[in-house]
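Here is the structure we will look at.
Throughout, read-outs are computed from the coordinates displayed, never taken from laboratory work. What you see is a predicted model, and the numbers here were worked out from it, not measured in a lab. Counting neighbours? That spans all protein chains shown, and the Cβs are built from the backbone with ideal geometry, glycine included.
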Amino acid sequence: MEMNVKHRIAAAPQKVWEGLNDVEILKAAIPGCESLEVSEENAFQAKVTTKIGPVKAKFNFNVTLTDLNPPHSYTINAEGQGGAAGFANGSAAVSLTEEGSDTLLAYHAQAHVGGKLAQLGSRLIDGTAKKLADEFFTNFSELVAGEDQAKQPSEAAGEDHSAPGGVPVWVWVALVGFAGLVAFQFFA
């Protein structure tokens, strides 16, 4: 599964970078995040509960950040286990570009899921992934830029917007770092 997303945040790249590396901000922004802890330098452990259609699961993620180029880019690598619901793993290349007084956060995520999650239809996964990504970016933007500036929807680009298991893109992004998202949320 692949996902390409761009999202404008009303804050300078340095402030966005700091937010993407702030455990408390990420924990508050990631839908369903129960815990997010630094396990070692540039590595995190997260517990995220998510529901996609009839499948609800608690995922335990190990996330590492590589290719760090503060405050411009990094790569998020994540592996998650959701018990009987299945597993999810993948990576996301995240970049921050200054656009006036704003930051354009872009990421390209690739993820793989197995177990019950892999049996769900792509339409259901796509819809859930988009919803979770939008929720993450709204929350993150409010925390980083302030509530008045956060109401800009993300701009999805590319053919396949599937994000495995609806784990916050922060994961992928954060986890988009992650991502979030990447945030999945991860696989969102």
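So here's what we get for this one:
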| item | result |
| --- | --- |
| For the stretch 1-54, alpha-carbon Rg relative to the globular expectation (2.2 N^0.38 Å, N residues) | 1.35 |
| Partner lysines for Lys131 [C-alpha distance under 23 Å; skip if fewer than 8 residues away on the same chain] | Lys6, Lys27, Lys47, Lys51, Lys56, Lys58, Lys116, Lys151 |
| Simple label model, 7 Å out from Cα along Cβ direction - Leu124 to Gln14, nm | 4.7 |
| In nm, spacing of pseudo-spin labels at Gln110 and His72 (7 Å Cα→C-beta vector) | 2.3 |
| Base-10 log of normalised Debye intensity for the stretch 35-152 (one unit scatterer per alpha-carbon) at q = 0.14, 0.17, 0.22 Å⁻¹ | -0.71, -1.03, -1.43 |
